[in-house]
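Asks: Next up is a structure, given as structure tokens.
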Amino acid sequence: MRKQEASMAVNVKGLEDNARKTSIETLNARVSDSIALGLAVKQAHWNMKGPNFIAVHEFLDAVYARVLAHTDVMAERVQILDGRAMGTAEVVKDSTTLKPYPTDVTKVQDHLKELCDRIRDHGEKVRKAIDSTDDSGDADTADLLTGVSRELDKDLWFLESHLE
Ligand SMILES: [Fe+2]
């Protein structure tokens with residue numbers, strides 16, 4: 001207990017306990033959805049068929065890499081705050097707020113619509129997370145989430161631009 005308190009003092013100097021707890025909870029919720037989103041992107045990458053296949057297929061790997069990077073920085077911020085990053089398949093299955101990704105979709109356009117729905121949903125929740133972490137006093141987590149939000153917005157724009 002004493003060791004934990006000492007490490008908390010080092011890691012989160014000046015940060016109220018309430019702010020720390022809000023950030024850990026908020027970040028872990030976004031980690032779950034970010035992992036689920038990454039898996040959805042790969043599911044689309046593998047299964048899509050139709051016009052623009054190669055362009056979209058390749059672009060989705062770039063989206064996946066960004067989503068993976070978001071997951072990583074959010075999970076590591078949980079650890080910096082002396083929380084416990086939660087990213088197992090079991091935890092994600094129980095806690096993701098994203099709609100289950102359909103496994104019977106094949107057309108490129110249908111996959112794009114499904115992905116855009118989920119990126120928009122996740123993006124809106126990241127924006128709420130920026131506000132809640134900022135309001136509780138953790139400007140650094142709010143800043144980290146702002147970067148995630150900006151990249152999600154850009155990928156949503158790219159993917160939506162492929163929709164007819
Ligand atoms: Fe691939």
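The values are calculated or read from the model by the stated rules, or taken from the named source; none is laboratory data. Source: prediction; values computed, not measured. Cβ coordinates were reconstructed from backbone atoms using ideal geometry, including for glycine residues, and neighbour counts include every protein chain displayed. SASA here: full protein model, heavy atoms, side chains in, ligands and nucleic acids out. Shrake-Rupley method; radii C 1.70, N 1.55, O 1.52, S 1.80 Å.
Asks: What's the total number of residues in the stretch 51-75 that are of a type in the set (Val, Ile, Thr) and either at positive phi or under 11 Å from the mean Cα position of the chain (by Cα) (or both)? Before the answer, list the steps.
Replies: From the stretch 51-75, those of a type in the set (Val, Ile, Thr) are 54, 56, 63, 67, 71, 73; that's our starting set.
Checking which are either at positive phi or under 11 Å from the mean Cα position of the chain (by Cα) (or both) leaves us with 67, 71, 73.
The qualifying residues number 3.
Asks: Every residue in the stretch 39-62 that is more than 13 Å from the ligand (Cβ to nearest atom) and in a helix (DSSP H, G or I), please.
Replies: 39, 40, 55
Asks: Take the stretch 5-19 and flag every residue that is at pLDDT 85 or above and open to solvent by less than 80 Å² (accessible area, probe 1.4 Å). Show your work before the answer.
Replies: Taking the stretch 5-19 and keeping what is at pLDDT 85 or above, we get 15-19.
If the condition is that a residue be at pLDDT 85 or above and open to solvent by less than 80 Å² (accessible area, probe 1.4 Å), then 15, 17, 19 are the ones that fit.
Asks: Moving on to the next point. Please give the number of the condition residue 148 fails out of (1) within 13 Å of the chain's Cα centre (by Cα); (2) more than 16 Å from residue 30 (Cα to Cα).
Replies: For residue 148, the failing item is (2).
Asks: Within 16 Å of the ligand (Cβ to nearest atom) and free of Cβ contacts under 8 Å to residues at least 40 places away in the same chain, is that true of residue 111? Let's see the steps before the verdict.
Replies: Numbers: within 16 Å of the ligand (Cβ to nearest atom): yes; free of Cβ contacts under 8 Å to residues at least 40 places away in the same chain: no.
So residue 111 fails the test.
Asks: Report, by residue number, each residue of the stretch 38-51 that is open to solvent by 60 Å² or more (accessible area, probe 1.4 Å) and basic (Lys, Arg). First the steps, then the outcome.
Replies: Within the stretch 38-51, the subset open to solvent by 60 Å² or more (accessible area, probe 1.4 Å) is 39, 46, 49, 51.
The answer is 49, and nothing else.
Asks: Looking only at the stretch 126-145, how many residues end up being crowded, with 17+ Cβ neighbours inside 10 Å and within 13 Å of the chain's Cα centre (by Cα)?
Replies: Residues flagged as crowded, with 17+ Cβ neighbours inside 10 Å and within 13 Å of the chain's Cα centre (by Cα) within the stretch 126-145 amount to 5.
Asks: A follow-up question, please. Checking the conditions here, which among 35, 24, 54 is at pLDDT 95 or above and surrounded by fewer than 16 Cβ atoms within 10 Å (Cβ to Cβ)?
Replies: Details: 35 fails: surrounded by fewer than 16 Cβ atoms within 10 Å (Cβ to Cβ); 24 fails: surrounded by fewer than 16 Cβ atoms within 10 Å (Cβ to Cβ).
The conditions single out 54.
Asks: To continue, here is another question. Check whether at least one residue in the stretch 117-134 is within 15 Å of residue 35 (Cβ to Cβ), of a type in the set (A, V, I, L, M) and assigned to a helix (DSSP H, G or I), and report yes or no. So that I can check it myself, show each step before the final result.
Replies: In the first step, residues of the stretch 117-134 are kept if they are within 15 Å of residue 35 (Cβ to Cβ); the result is 118-119, 121-122, 125-126.
So of that shortlist, the ones also of a type in the set (A, V, I, L, M) come out as 119, 126.
Then keep just the ones that are assigned to a helix (DSSP H, G or I); that gives 119, 126.
Yes: one or more hits.
Asks: Determine whether residue 83 is modelled with pLDDT of 95 or more and not in a helix (DSSP H, G or I). Please lay out each step first, then the result.
Replies: Numbers: modelled with pLDDT of 95 or more: yes; not in a helix (DSSP H, G or I): yes.
So residue 83 fits the description; yes.
Asks: Restricting attention to the stretch 134-156, which residues are among the polar types (S, T, N, Q) and farther than 15 Å from residue 71 by Cα?
Replies: Selection gives 136 alone.
Asks: Still on this structure, please answer the following. Pick from the stretch 63-84 the residues that are open to solvent by less than 50 Å² (accessible area, probe 1.4 Å) and within 16 Å of the ligand (Cβ to nearest atom): which of them is farthest from residue 121 (Cα to Cα)?
Replies: Result: 63.
Asks: So which residues in the stretch 85-114 are aliphatic (A, V, I, L, M) and open to solvent by 30 Å² or more (accessible area, probe 1.4 Å), if there are any at all?
Replies: So in the stretch 85-114, the residues aliphatic (A, V, I, L, M) come out as 85-86, 89, 91-92, 98, 105, 108, 112.
Selection gives 85, 86, 89, 91.
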